[in-house]
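First the structure, then my questions, so here it is.
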Amino acid sequence: MIWFKRFLGISSTPAPKDHACWKFSGYTIEIDLQRAPELAQPGGALRLEEKGLPQRMLVVRLANGNVRAFHNRCSHMRSRRLDPIPGTNHLCCCSRQGSRFDENGKVIKGPAHSPIAVYDVEVSGAKAFISLR
């Protein structure tokens, strides 16, 4: 099933179950981590789309516990989305070409020609703030 999704360019990363767990205002995304169980464990991730966002975002809880945000668009197949690779701090394109990126957005494998944008995430208490500036 995963191969079929990748072939069609369908991301495996879900949108939040609780769509009210995040909001976008100005240039900042605010995520209520208590309402986003998808980010509770390392390897967990969320796809953020709509609500006036200027671009699609992928938010990932890395193996070291840090939260990182990425522009959710492969630099090779720009219409394709990204997914975290379980057990690593790497992302892959949800397509059969197999582009892979490290936690800093750098290309580490595949035909992608440029890095993906990475955004600062500040965690304060039970909130995560992503600056799109």
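FYI, it's all coordinate maths here, none of it is from the lab. These figures come from a predicted structure and were not determined experimentally. Here the Cβ positions follow ideal geometry from the backbone for every residue, glycine too, while neighbour counts run over all protein chains shown.
Using the Cβ atoms and a cut-off under 12 Å, what net charge is assigned to the surroundings of residue 49, where Lys and Arg are +1 and Asp and Glu are -1?
+4
Still on this model: Fewest to most neighbouring Cβ within 10 Å: what's the order for 75, 12?
12, 75
Under the Karplus relation 6.51 cos²θ - 1.76 cosθ + 1.60, θ = phi - 60°, what is the ordered set of whole-Hz ³J(HN,Hα) values for segment 28-44, x standing for Gly and Pro?
Along segment 28-44, the couplings run 10, 9, 10, 10, 7, 5, 5, 9, 10, x, 4, 9, 6, 10, x, x, x Hz.
Using the number of other C-beta atoms within 10 angstrom as an exposure proxy, rank 28, 13 with the fewest first.
28, 13
Turning to a different aspect of this structure: How large is ³J(HN,Hα), in whole Hz, for each residue of segment 111-119 in order, when computed from phi with the Karplus curve 6.51 cos²θ - 1.76 cosθ + 1.60 and θ = phi - 60°, using x for Gly and Pro?
x, 4, 9, 8, x, 9, 6, 10, 10
Among the chymotrypsin sites (Phe, Trp or Tyr not before Pro) within segment 19-85, which fall in a DSSP loop and have no more than 11 other Cβ atoms within 10 Å of their own Cβ?
Those that pass, being in a loop and sparsely packed, are 27.
Using packing as a proxy for protection, rank 51-59, 121-129 so that the peptide with the highest average count of other Cβ atoms within 10 Å comes first.
Averaged packing, sorted descending, gives the order 51-59, 121-129.
For each of 90, 113, count neighbouring Cβ atoms within 10 Å of the residue's Cβ, then give the residues from fewest to most.
113, 90
Same structure, new question: Based on the Cα coordinates of the chain, what is the per residue volume of their convex hull in Å³?
Cα-based convex hull of the chain, divided per residue, equals 102 Å³.
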